[in-house]
Structure formats: C-alpha cells, structure tokens
Amino acid sequence: MIQYLIVCPLTFLAGLVDSIAGGGGIISLPAYLLAGVPAHTALGTNKLGSSMGTVVSTVRYAKNGYLKGKAAMAACSAVAAIIGSSIGARLALMVPDNVIRNMMLVVLPIVAAYVLFDKRMGDSEKTGDISRQRMFVLSVLAALLVGGYDGFYGPGTGTFLLLVLTGVARMDVRSASAQTKVINLSSNTAALVTFIFSGNVLYPLGLAAGICCIGGHYIGSGLVVHDGHKIVRPVVLVVLIALFVKVLSGR
C-alpha cells in the first residue's frame, strides 16, 4: 500500500509534465525507486504506466490536427524509435542496478544544459525554415537515437525530443509535441515488451500508476492544445529546476 501512496500521485504529476514538455520520467522513475522497487523492475513498470498515459496525449494531439501533413514522418519515426528502444532495453538488462541508479548524475545535467540553451522552444523566426526532406530525416534520426536512450534509461526523453524537433528540425511547438508523443509511445512500447519478457514488470502497481498517468496526460495535453508555447516554456523551466535539485541532492 505504501508503494501505491508514493508512486500514484507522483506518476500523475509525471504524466502532466510529460504531456506538456517531456521529462516525466524524471519524476516517475525516482518514484518507483523511492518506493523500494528494484532498478530493473522500476524501469519496466515505469514503461507500463508511461505507455498508458502517452496513448492519451498522442490521440489528443492527433485529433486536434497537429500530425496533419506529417503522418508519414510520424510513422517512420515510430519505426526508428521501436528499433532504437528495443536495442536500448536489451542493453539495460545487462547493466548492474547501481549503474542505473547513478546514471541520473550524468544524464540530468545534460538535459538541463540543453534546455537552458534553447530559449525559444519553437517560437522563432527560424521555425519551418528547412526543407521537409531535411525535417523528415532529422525527425527519424532523433527517434532512433533518443529512442535508444529511452529503452536503456528514459528520464528526459520527451524533453530531448521536444528540443531537438523545435531547435534542430525547426518544427513549431505543437507539431513537435505531437511528434514527440508518437515517438515516445513507440519507444515506450518496444521497451515494455522487452521488460515483460524478462519478467521485470509489476503489473498491479504499473496499471494503477498508468491510470494516474492517464489523468495527468489528459489534463496536460489539453493545456498545450489551448495555450501552446505559453504553457510549454514555463513547464520546461520548472523541469530544469527539478533537474538541478535532483543532481545536487544526489551528491
């Protein structure tokens, strides 16, 4: 029962943050570890809950037309994410628990630094100034590489994707958020399958967390649909603060 009291409220918050700006794993994965779930099982169970939540925000973005004209790009990116995530998840199963726990000290400052240097988040005169072919290639490449990271570890995946798609692929923030959810859902699902076959998923806890995560994703994706950049940028900054606090407290 204590595990549920720790994990469920935090996964709701993680879903809210993740649907808006990515980075929900920064909250949800430590929640499982705090609740005493072994590292590899925490990774697998987290994938179950986050996959359930990501379905909701993905569908909501699609219904509002933010994948319009980019369906082929999303499909190819999804395939690339599945390939990368499957490889990453298999690698994760070979790594000792303590390495997974300590990875935050390395990964989170990298995410934080990238957020710090991208100040416009898709609200720029450079948005859309590259060819669709180049945007397509960059999206698929980002899906493969970041999908591999998502399968291996996860926290910060959505933030990485959102920043790459707005900053490098020059998408507007709503389109980038929709693409991010498609890629994230694909990589989460691929990693989840790997963890299921390895027996590293706690189904009752993961399903309960997934329901809470769905609530967070539904509310958060609605905020992005209505307020776009005004919502995304402040939430990314909040995630940035959380990243620094987590790193400092872990030292």
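The values are calculated or read from the model by the stated rules, or taken from the named source; none is laboratory data. The model shown is predicted, which means the values in this text are computed figures rather than measured ones. Positions of Cβ are backbone-derived with ideal geometry, glycine not excepted, and every protein chain shown enters the neighbour counts. Ligands, DNA and RNA are stripped out before the accessible areas are found, and what is left, the full protein with its side chains, is counted by its heavy atoms. Shrake-Rupley method; radii C 1.70, N 1.55, O 1.52, S 1.80 Å.
Placing MET94, MET103 in order of accessible area, with the largest value first and a 1.4 Å probe, yields MET94, MET103.
Annotation: peptides 156-162, 62-68, ranked by per-residue average of other Cβ atoms within 10 Å with the highest first, follow the order 156-162, 62-68. Taking all protein chains together and rolling a 1.4 Å probe, ARG170 ends up with roughly 60 Å² accessible.
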